[in-house]
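A.B. asks: My questions all concern the structure below.
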Amino acid sequence: MPDTATLLKLMPFAASVGIRLTQATREQVVGTLDWAEERCTAGGILHGGALMALADSVGGVCAYLNLPSGAATSTIESKTNFFRGVRSGQVTATAHPLHVGGRTIVVHTEIRDTDEKLVALIIQTQAVLHSR
């Protein structure tokens with residue numbers, strides 16, 4: 001199984017926005033993103049797009065680690081519920097597979113703030129792309 005640094009190199013966008021992977025197994029993937037002014041919207045609140053990029057990246061790694069040999073993956077659907085704004089600190093995303101099938105993988109991701117309060121809940125569906 002690839003280490004977190006190798007997995008992050010597969011996602012240059014994630015690395016460029018400051019996402020870090022801290023754990024990556026088939027059962028659970030964890031990543032973090034620091035609050036930073038350049039990642040904010042009005043009022044100094046961490047932008048929803050930054051949170052969604054974190055969730056999509058961590059969820060994508062979770063799906064990737066559950067793929068059959070030779071397959072690839074791509075997000076085909078993502079549903080996000082936001083519960084609170086983040087004005088400082090760091091957010092942590094934790095992803096778990098809900099369904100691992102031959103055509104799709106469904107991933108559940110929670111994003112929590114530094115105080116471990118729920119910031120967002122994401123359910124995403126990843127296509128299983130078999131090579132031809």
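A.B. asks: Can you find, within region 2-22, the residue that is surrounded by the most Cβ atoms within 10 Å (Cβ to Cβ) among those that are in contact (Cβ under 8 Å) with a residue 24 or more places away in the chain and assigned to a helix (DSSP H, G or I)?
C.D. replies: That would be ALA14.
Rundown of residues vs (1) free of Cβ contacts under 8 Å to residues at least 60 places away in the same chain; (2) in contact with a Gly (Cβ under 7 Å, 6 or more places away or on another chain); (3) surrounded by fewer than 15 Cβ atoms within 10 Å (Cβ to Cβ); (4) part of a strand (DSSP E or B), yes/no style:
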residue: THR92; (1), (2), (3), (4): no, no, no, yes
residue: LEU98; (1), (2), (3), (4): yes, no, yes, yes
residue: ILE105; (1), (2), (3), (4): yes, no, no, yes
residue: HIS108; (1), (2), (3), (4): yes, no, no, yes
residue: GLU116; (1), (2), (3), (4): yes, no, yes, no
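A.B. asks: Separate question: Could we say that LEU33 is over 24 Å from ASP115 (Cα atoms), buried (at least 19 other Cβ atoms within 10 Å of the Cβ) and touching a helix residue (DSSP H, G or I) at 6+ places or on another chain (Cβ under 9 Å) here? Show your work before the answer.
C.D. replies: Numbers: over 24 Å from ASP115 (Cα atoms): no; buried (at least 19 other Cβ atoms within 10 Å of the Cβ): yes; touching a helix residue (DSSP H, G or I) at 6+ places or on another chain (Cβ under 9 Å): yes.
It is false that LEU33 is over 24 Å from ASP115 (Cα atoms), buried (at least 19 other Cβ atoms within 10 Å of the Cβ) and touching a helix residue (DSSP H, G or I) at 6+ places or on another chain (Cβ under 9 Å).
A.B. asks: Of all residues being under 15 Å from the mean Cα position of the chain (by Cα) and without any contact (Cβ under 8 Å) to a residue 60 or more places away in the chain in region 23-46, which is farthest from LEU7 (Cα to Cα)? Just the residue, please.
C.D. replies: The residue in question is ASP34.
A.B. asks: Would you please list the contacts, defined by Cβ atoms under 9 Å and residues six or more apart or on different chains, that run from a residue in region 53-80 that is on the phi > 0 side of the Ramachandran plot to a residue that is surrounded by fewer than 16 Cβ atoms within 10 Å (Cβ to Cβ)?
C.D. replies: So the pair list comes out as GLY70/HIS130; GLY70/SER131.
A.B. asks: Looking for something within 18 Å of THR32 (Cβ to Cβ), crowded, with 18+ Cβ neighbours inside 10 Å, out of contact with any Asp or Glu (no Cβ under 6 Å at 6 or more places or on another chain) and not aliphatic (A, V, I, L, M) - is there at least one such residue anywhere in region 70-88?
C.D. replies: no
A.B. asks: Taking region 48-69 as the search range and keeping residues that are among the small types (Gly, Ala, Ser) and surrounded by fewer than 16 Cβ atoms within 10 Å (Cβ to Cβ), which one is farthest from GLU38 (Cα to Cα)?
C.D. replies: Applying the first criterion (among the small types (Gly, Ala, Ser)) to region 48-69 yields 48-50, 53, 55, 57, 59-60, 63, 69.
Within this subset, residues satisfying the condition of being surrounded by fewer than 16 Cβ atoms within 10 Å (Cβ to Cβ) are 48-49, 69.
Values: GLY48: 13, GLY49: 12, SER69: 39 Å.
Residue satisfying both the conditions and the ranking: SER69.
A.B. asks: Within 18 Å of PRO97 (Cα to Cα), at pLDDT 95 or above, assigned to a loop (DSSP other than H, G, I, E, B) and not basic (Lys, Arg): which single residue out of GLU77, GLU27 fits that description?
C.D. replies: Values: GLU77 fails: assigned to a loop (DSSP other than H, G, I, E, B).
Of the residues listed, the single one that is within 18 Å of PRO97 (Cα to Cα), at pLDDT 95 or above, assigned to a loop (DSSP other than H, G, I, E, B) and not basic (Lys, Arg) is GLU27.
A.B. asks: Restricting to region 108-132, and then to whatever is modelled with pLDDT of 95 or more and of a type in the set (D, E, K, R), can you tell me which residue is farthest from GLU77 (Cα to Cα)? Break it down stepwise before answering.
C.D. replies: As a first pass, look at region 108-132 and keep what is modelled with pLDDT of 95 or more: 108-129.
Next, only the ones that are of a type in the set (D, E, K, R) stay: 110, 112-113, 115-117.
Numbers: GLU110: 16, ARG112: 21, ASP113: 24, ASP115: 29, GLU116: 26, LYS117: 25 Å.
Looking at the filtered set, the residue picked out is ASP115.
A.B. asks: Name the residue, out of GLY85, GLY59, that is in a loop (DSSP other than H, G, I, E, B), under 18 Å from ILE122 (Cβ atoms), of a type in the set (Gly, Ala, Ser) and at pLDDT 95 or above. Can you show your working first?
C.D. replies: Details: GLY59 fails: in a loop (DSSP other than H, G, I, E, B).
Only one candidate qualifies: GLY85.
The values are calculated or read from the model by the stated rules, or taken from the named source; none is laboratory data. If you're wondering where the values come from, they're calculated on a predicted model, not measured in any experiment. Cβ: placed from backbone, ideal geometry, glycine included. Neighbour counts: every protein chain shown.
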